[in-house]
Each structure stands twice: as structure tokens, then as C-alpha cells.
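What follows is a set of notes on a single structure, which appears directly below.
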Amino acid sequence: MTAVLTRALTRQYRAPKTGNDVSALDGVDLTVERGEVYGLLGPNGAGKTTLCRILSTILLPTSGTAEVMGLDVVRDAGRVKQSIGIVFGGDRGLYSRLTVRENIRFWAALYGLHGSTLRGRTDALLERMGLADRAGDRVDTLSRGMKQRLHLARGLVADPRLLVLDEPTVGMDPVAAHDFRALVGELREDGRTVLLTTHDMAEAEAVCDRVSLVDRGRIVATKAPSEIGALISHHERVEAGPVPERAAEALGRLPGVVSVESAGSGRLRIETRDTDATRAVLRLLVDAGVTSLATGRPSLEEVYLHLVGDRGMAVNP
């Protein structure tokens with residue numbers, strides 16, 4: 001049984017200014033296997049959060065079907081809610097005037113936990129999330145990283161097998177984001193399924209088993225992060241330097257050369273359309289006496305920019 005299965009999933013809404021129907025999701029087919037960390041990568045407005053809200057039974061689909069752990073999100077909404085945990089970015093869903101422990105106990109009680117079971121689950125989550133030392137502190141005194149750990153505790157309070165993380169590291173500093181990604185790795189080791197939405201390519205590349213590139217409500221491509229470069233494998237990259245000016249001018253005239261850009265300190269980055277063009281570039285550079293040469297495959301960032309363009313994607317240095 002798959003963790004998430006959608007077929008021809010569509011969600012439309014009416015634009016308030018024009019009155020026209022707009023598709024937030026447009027025929028999405030998605031399969032997430034149990035136990036994997038699956039990333040939905042795309043710019044703001046791509047449809048990632050809409051998909052998560054449908055899977056969480058917050059929104060109804062306009063058409064198509066969606067299942068979570070074999071349960072239909074419309075017909076079996078109550079059972080779906082019991083099998084899924086949701087973690088949002090930012091401060092949404094936290095009670096700032098309550099302590100860390102009180103927040104977790106409150107959420108556990110909403111799921112029907114009480115007595116020794118409630119106390120045991122609360123203590124276990126405090127330890128697991130590294131919050132035990134801050135259990136008596138009010139939430140409004142926590143750092144953003146600590147608040148996001150508390151969000152994750154909330155998502156795990158019902159011991160769900162599927163955890164949806166919607167932009168979980170938004171606004172975090174690099175250290176807090178790194179720690180949070182390590183926690184995601186621990187969830188994978190537990191055998192949980194994680195569906196992660198992000199517009200941060202570095203994050204998707206760091207934690208996901210597979211990634212779907214999403215743009216304007218459609219899934220553009222799905223691959224493992226390490227394999228997704230094959231989608232544009234006919235594009236290759238050569239870095240060389242220092243390159244004499246005459247050779248640099250000649251590179252731009254070679255058939256199959258897509259672009260020639262400066263990489264600083266007299267070095268050039270040359271993108272080619274195919275292997276034959278790469279060979280011609282290397283031959284010209286060697287004949288020009290260039291001794292520092294490197295070829296490589298495109299990064300996840302470059303793949304996305306080739307496929308859907310630059311519309312609000314984040315890149316971490």
C-alpha cells in the first residue's frame with residue numbers, strides 16, 4: 001500500500017478580481033511510497049500547499065481522487081485525520097502564552113490521550129525533540145528553531161505514519177535549519193513517510209529520496225535528487241581557466257555552445273547542448289593552452305531553472 005496516491009487531482013478557485021476560474025492544481029498524479037522522504041519543490045504559488053491541504057482534508061478537490069494510507073480523503077476524512085500529522089512553517093498553530101509542555105499536552109488531549117498515556121507521550125516527545133530543558137518555558141520565549149521543533153512534536157503527537165511538512169524551515173537560520181533536517185532523517189529511520197514542500201533546492205537535495213518539480217499546479221518531473229539532472233543530461237557544463245581572450249571569443253561561435261559566462265579570475269563557465277559540443281570546447285581550450293579544466297552535471301537548481309524558469313526559487317549558499 002502506498003502512503004499517498006493521487007490521480008488527476010484538480011483544485012480550482014474563482015479569482016476575486018476577474019471572476020475567472022484558476023487552477024491551483026491541474027491533473028496531479030502523485031505516488032509516495034511508505035517510508036520515503038518525498039519533496040515537492042517549486043516556487044511560491046506552484047500549488048504545493050494546496051495539495052497538502054487536500055491530503056489533510058482541509059480542502060476538497062474539485063475533481064480527481066486522493067488517498068492517504070489507502071483511505072480516500074473525501075469519503076474517509078475522519079480516518080485520514082488520524083493517520084496524518086501536519087507541520088507548518090512560522091508561528092501558526094502555537095499557543096504563545098502556554099509553556100512547551102502545556103502545548104504538547106493540549107494537542108495530545110485533542111487526540112484523545114489522557115492519564116499516564118498522555119504524560120508518557122508528552123515526556124517522550126520533549127526528549128525526542130530536544131525540548132526537555134525548555135518544557136516549562138512559555139512558547140513566546142523560544143527561538144524560531146525551537147518553535148519549529150515544537151511544531152514537529154505537535155505533528156508527531158498522534159504517532160502518525162505520514163507527516164506533512166509544509167515549508168518547515170522558513171525563516172530559520174542555517175544552524176536551526178540544519179538541525180531540523182537531521183530530525184527529518186531520524187523520522188525516515190523510524191520508518192515514517194514524510195511529504196516535504198519547499199522552494200529551497202538545497203533543502204530538497206539534502207533530505208529527500210525523491211523530488212517532484214511543481215509549477216503552476218502541475219508536476220513537471222519526478223526523480224531522485226541525484227538523478228534529476230538526467231532530465232537535461234544533454235546539457236553539459238565545462239569550467240576552465242584562465243582562458244585567453246581570443247579563445248573565449250571563439251568558444252561562443254562553436255556549434256552547440258549554449259552560453260559562455262565569467263566565473264571570476266579569468267575563468268569561464270561554458271554550457272553545451274550535447275557531448276559533441278563539449279568535445280569541441282575541450283579541444284579548443286587544450287589547443288589554447290588552458291590546463292585547468294572541469295566538466296560536470298547540472299545541479300538541482302540548474303535543472304529547475306531550465307525546466308520552469310526562475311520564479312521565486314530560493315538558493316542557499
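From the list 204, 158, 132, the lone residue that is of a type outside the set (S, T, N, Q), touching a Leu at 6+ places or on another chain (Cβ under 6 Å) and closer than 17 Å to residue 101 by Cα is 132.
If you take the residues of region 146-188 that are of a type in the set (Val, Ile, Thr) and touching a residue at least 40 places away in the same chain (Cβ under 8 Å), which of them is nearest to residue 125 (Cα to Cα)?
Among residues in region 146-188 that are of a type in the set (Val, Ile, Thr) and touching a residue at least 40 places away in the same chain (Cβ under 8 Å), the one nearest to residue 125 (Cα to Cα) is 157.
Of the set (1) modelled with pLDDT of 85 or more; (2) assigned to a helix (DSSP H, G or I), all apply to residue 214 but (2).
Taken over region 125-145, the criterion of being buried (at least 16 other Cβ atoms within 10 Å of the Cβ), assigned to a helix (DSSP H, G or I), free of Cβ contacts under 8 Å to residues at least 40 places away in the same chain and hydrophobic (A, V, I, L, M, F, W, C) is satisfied by 125, 126.
Only one of the listed residues (41, 30) is modelled with pLDDT of 90 or more and closer than 24 Å to residue 220 by Cβ. That residue is 30. Filtered by the rule that a residue be under 17 Å from residue 156 (Cβ atoms) and of a type in the set (A, V, I, L, M), region 176-228 gives 182, 183, 184, 187, 194, 195, 196, 207. Screening 39, 35, 47 for residues that are touching a helix residue (DSSP H, G or I) at 6+ places or on another chain (Cβ under 8 Å) and under 22 Å from residue 171 (Cβ atoms) leaves exactly one candidate, 39. State whether the residues of region 150-167 include one that is farther than 26 Å from residue 106 by Cα, assigned by TED's automatic domain parsing to the domain that holds residue 127 and crowded, with 23+ Cβ neighbours inside 10 Å. No, there is no match, as no residue in region 150-167 is farther than 26 Å from residue 106 by Cα, assigned by TED's automatic domain parsing to the domain that holds residue 127 and crowded, with 23+ Cβ neighbours inside 10 Å. Consider residue 191 carefully, then state whether it is surrounded by fewer than 18 Cβ atoms within 10 Å (Cβ to Cβ) and either in contact (Cβ under 8 Å) with a residue 60 or more places away in the chain or under 24 Å from residue 57 (Cβ atoms) (or both). Here the answer is yes, as residue 191 does meet what is asked. Counted as qualifying within region 1-116 are the helices (runs of 4 or more DSSP H) with 1 or more residues that are buried (at least 17 other Cβ atoms within 10 Å of the Cβ), in contact with a Gly (Cβ under 8 Å, 6 or more places away or on another chain) and in contact (Cβ under 8 Å) with a residue 60 or more places away in the chain, namely 48-55.
The values are calculated or read from the model by the stated rules, or taken from the named source; none is laboratory data. The model shown is predicted, which means the values in this text are computed figures rather than measured ones. Every residue, glycine as well, gets a Cβ built from its backbone with ideal geometry; the counts of neighbours run over all protein chains shown.
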